[in-house]
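So the structure is just underneath, and the comments pick up after that.
The values are calculated or read from the model by the stated rules, or taken from the named source; none is laboratory data. These numbers come from a predicted model, not from an experiment. Note that each Cβ is placed from the backbone with ideal geometry, even for glycine, and that neighbours are counted across all protein chains shown. The area values use the complete protein model at the heavy-atom level, side chains included, leaving out ligands, DNA and RNA. Shrake-Rupley method; radii C 1.70, N 1.55, O 1.52, S 1.80 Å.
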Amino acid sequence: RLAEKLPKPMYLWDTLAVPDGTYEIKVEVTDSPANPPAAALSAARNSRAIVVDNSAPRVADLLARPDGKDKVKLAGAIRDAGSRISAISYAVDTNDEWVTVLPADGICDSRNERFTATISDVEAGTHRIAVRAADEFGNVGYASVEVTVGK
């Protein structure tokens, strides 16, 4: 039961208070407050399935290794418990310039995706590479790894 006797014909459902999953909402209405008991009407209807997904994708098995004097090989896996992965990207030493990465099969279309990328023109030294993954409901997960190039 979400609400009873609403003062306005609207209800906002804060889904952060419920576990991730698929829900159906049953809406029951009546005009009894404005009519005598013998004339009052009521009706009920179930909604289509509503997916609640507040959990971010998890970046796992993240690995970065030097590949020659100015390149880095980046690899990892993205997993989401409730919805498909919609985007994967990385950034080197910044949170402002993200580069899109396609999963190994070429399209973000499942809850589990593996990816690899070759990052070119990396200056010698130690760098932080961050990976960002989003799911189809806009939840975003992050992970980072350090790698030393050219030493």
With all protein chains present and a 1.4 Å probe, how do Ile78, Ile50 order by accessible area, largest first?
Ile50, Ile78
Where labels lie 7 Å past Cα in the beta-carbon direction, separation of Ala104 and Ser32 in nm
5.9 nm
Need the full-extension length gain, Ala60 to Thr22, defined as separation in residues times 0.36 nm minus the C-alpha distance. One decimal, nm.
11.1 nm
Out of Val51, Val29, Ile78 - ranked by how far each Cα lies towards the positive end of the dipole of the range 1-132, with unit charges on the beta-carbon of charged residues - the top one is Val29
In percent, what relative contact order does the chain have, based on Cα pairs under 8 Å that are 6 or more apart in sequence?
22 percent
Which Cα, out of Cys108, Trp13, Thr126, lies furthest along the positive dipole direction of the chain (beta carbon charges, K/R +1, D/E -1)?
Trp13
Modelling each spin label as a point 7 Å along the Cα-to-Cβ direction, I'd like the Lys8/Tyr142 distance in nm, to one decimal.
3.5 nm
Label Thr116 and Ala44 with points 7 Å out from Cα along Cα→Cβ: what is the distance between them in nm?
5.6 nm
Mind checking which of Tyr90, Ala3, Gly150 is farthest towards the positive end of the chain's charge dipole, using Cβ charges of +1 (Lys, Arg) and -1 (Asp, Glu) about the Cα centre?
Ala3
Projected-area mean, the chain, by convex hull of Cα positions, square nanometres
11.9 nm²
